[in-house]
1. Can you sort S18, S94 by how many other beta carbons sit within 10 Å, fewest first?
2. Once the Cβ-Cβ distance between T173 and L290 is put in as r, and R0 is 30 Å, what FRET efficiency do you end up with, to the nearest 0.05?
3. Averaged over all directions, how much area does the convex hull of the C-alpha atoms of segment 201-254 cover when projected, in nm²?
4. For segment 23-119, report the translational diffusion coefficient in µm²/s to the nearest whole number, using Stokes-Einstein at 4 °C, 1.567 mPa s, and a Kirkwood Rh over Cα pairs.
5. Using a 10 Å cut-off on Cβ atoms, rank the peptides 70-76, 28-34 from the highest mean neighbour count down.
6. Subtract the Cα-Cα distance of R196 and I155 from 0.36 nm times their separation in residues, and report this length gain in nm to one decimal.
7. If contacts are Cα pairs under 8 angstrom and at least 6 residues apart, what is the relative contact order of the chain in percent?
8. Return the distance in nm (one decimal) between the two label points of a simple spin-label model at F166 and I64, each offset 7 Å from Cα along Cα→Cβ.
Amino acid sequence: MQLLNTLLLTLSITLMYSSPLIFTALGGVITQRSGVDNIGLEGMMAFGACGGSIICYFTGSPWIGLLAGATFGAILALLHAFVAITAKGNQIISGIAINFIGAGVATFLTRFLFSGAAQSNSTINLGIPKLFELLGIDKSKSQLLQSAEIDITVIIAFMFAILIWFVLYKTKTGLRVRACGEHPGAADTLGINVSRIRYICTILSGVMAGLGGAVTSLAISYRYTPTVITGQGFIALAAVIFGNWKPIGATMACLLFGFAQALTVVLAGTSWLPSQILAMLPYALTLFMLVIFVSRSRPPKALGQPYFKGQA
């Protein structure tokens, strides 16, 4: 029974930590499939986590907080889209700037709104409902159900993964998005507005990254702190590459990275493995997977390349 409880707890924590990564990685898949490189996912997550926590605290609604997080992420994505698509700027430099802007403005807002504190006030009493709560299941008498409890955001994340896969590979809209990332010149000659498609996809990536950040601050940490997102945006970016720029592949990679994070929690306090080793496990796994699989991944041919009207 103890082993089963541990396995269910590990699964629950894996899903909990995978959820924000899945949202963010799916946003990375969308924008990179359209040809716009976005390494600013970390900053968008941080800004979304801040916005979600602040708005949830002042409105008392975690759902409004999630919507606010998505909006905050979209604001930074719009800035990145302008630099990358309209101004034809370097997308890597723009993404790095977005990372600094997102984290910097988030810290400024928390200090301004919470009397100089570097973190927002707790929203633990306003948390996102658990799955069993929504289903009306009483888990108080079952230790197994308590170990297997998950947030509703996990279900939403998987629903988004299926939806984005369907749109990208089973609809004309998805074909147009992939055409803009593979050969924008050919897409342009067919009457597809490349700039419009790329703008929409880049903004959607900000929405998803901001949503991932808000999920982190509302369903995991219950507050925004400057370190709550540290590294997660880059792990999500690695999941996009590891998943070969495909929604389902990126989702599976996020589950793997979430499992690594779950191990750091489940094995915490064990005498045979130092806590420092456990803390570095998710990041070490990210580097290991990139080294193994980056040579086998094939990015969109026009990824990171500004498109000029009439370009062949």
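None of the figures in this text is laboratory data; all of them are computed from the coordinates on show. From a predicted model like this one, the values you see are computed outputs, not experimental measurements. Note that we place each Cβ from the backbone using ideal geometry, even for glycine, and neighbour counts take in every protein chain shown.
1. Values: S18 26, S94 22.
Ascending Cβ contact count within 10 Å gives the list S94, S18.
2. Rounded to the nearest 0.05, the efficiency is 0.50.
3. 3.9 nm²
4. 95 µm²/s
5. Highest-to-lowest ranking by the protection proxy: 28-34, 70-76.
6. Difference between extended and current length: 11.7 nm.
7. With pairs under 8 Å counted, the relative contact order is 36 percent.
8. 3.1 nm
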